[in-house]
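For reference, the structure discussed in these notes is given below.
The values are calculated or read from the model by the stated rules, or taken from the named source; none is laboratory data. For clarity, every value in this text was computed on a predicted model and none was experimentally measured. Positions of Cβ are generated from backbone atoms using ideal geometry, with glycine treated the same way; all protein chains shown enter the neighbour counts.
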Amino acid sequence: MAEPEIPERFLGDHARVLAEVAETGRRLTRDELETRRALGREAAEAGHQLRALVSLHLKATRTGWPGAAVGAGTVENVLAAVEQAVDAFAEGFERAQRLTVRREEAARREFIDDLLYGRSDLGRLAERATRFGLRLSRAHAVAVAAGPEAYTESDAVPRSVEAALLARFGGRKILLTTKDGRLVCIAPGSQPDVLRYFAKQAHAATDGGQVAVGRPHDGPGGVVHSYDEALDALDLARRMGLDDPVLDAADLLVYPVLTRDRQAMADLVRSELGPLKQARGGAEPLLRTLSVYFDAGCVAAETARRLSLSVRALTYRLERIHQLTGSDPADPMHRYTLQTAVIGARLLDWPANEL
């Protein structure tokens, strides 16, 4: 598409100034330079391209060249004046562009904060979302990636992940940003392939960082809901020692159910696992033994391998747990209660926190 014709008013008194320079050899005055900067700002705000504006100035210089009328001013003086004029014009243009970019960044950051915290009127939020490529009347899902360091949008890691997403899904309605040092990707709930690809790219770019994906939810409030699910999944992984590279909130719903009655879970942990505190070294070594034992499908040889123990040493630990708690980890009748208590201990950060 052709560039719209640029009004000659952006040239200002360019021709007159060059004529005077050719006659006297003077340089541009401070007021003339400020006028050029103001014209540059106006041209940027009008949406014109700097390349086309510079071409306009060079064309005007060529057609209005003083030629034989050059007096005390030499050709070098005229060219120096052209350089001054174009430089001042470009400076004003670039200042206006930077200001526009800062305003756009501030508006985008404000929108993201309102979107992820649900602090704005939902109807107004949905209207603003269209500016950033989202249609909040539909279901959306959110993925959050946590790396070894905090990231901002200008860092190399978010930029590389965004480049990979744009290269593959350039036509999709996707919003990639950072929040509280984490990478955040918002995508339509009907396009799970986008978040899967984001998770793969973010895991690699963050040197093995963990990614959590919330469930799709409808409407502007659905984005907040999905975002909170992803954050809860990351927190749960930290407390439970889950090291999966990608966590799906839908697969972790059992854990919030278990802690819905926090007091009941705390009572179970105290009554079932409290006696482990009497062991030499405290409850933590035996609690970890139980956790790994259940994760290994209650297979003694695999549990011993994961704990770097002999099978005989593991058997001793399991017997000690039986002696202290009265519950036998190898007994199917006792196993469910013990395993539920172990999960509750991790969720409630016991024994580090007293219940």
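Tabulated data
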{"read-out": "Residues of the range 256-281 classified as in a helix (DSSP H, G or I) and of a type in the set (D, E, K, R), total", "value": "5"}
{"read-out": "Residue that is farthest from the chain's Cα centre (by Cα) [pool: residues in the range 1-41 that are part of a helix (DSSP H, G or I) and polar (S, T, N, Q)]", "value": "24"}
{"read-out": "Subset of the range 314-328 [among the acidic types (Asp, Glu) and assigned to a helix (DSSP H, G or I)]", "value": "319"}
{"read-out": "Some residue of the range 230-244 being buried (at least 18 other Cβ atoms within 10 Å of the Cβ), over 14 Å from residue 146 (Cβ atoms) and of a type in the set (A, V, I, L, M, F, W, C)", "value": "no"}
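Yes/no per residue for (1) surrounded by 15 or more Cβ atoms within 10 Å (Cβ to Cβ); (2) assigned to a helix (DSSP H, G or I); (3) at pLDDT below 85:
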position	(1), (2), (3)
43	yes, yes, no
51	no, yes, no
54	no, yes, no
59	no, yes, no
73	yes, no, yes
79	no, yes, no
83	no, yes, no
88	yes, yes, no
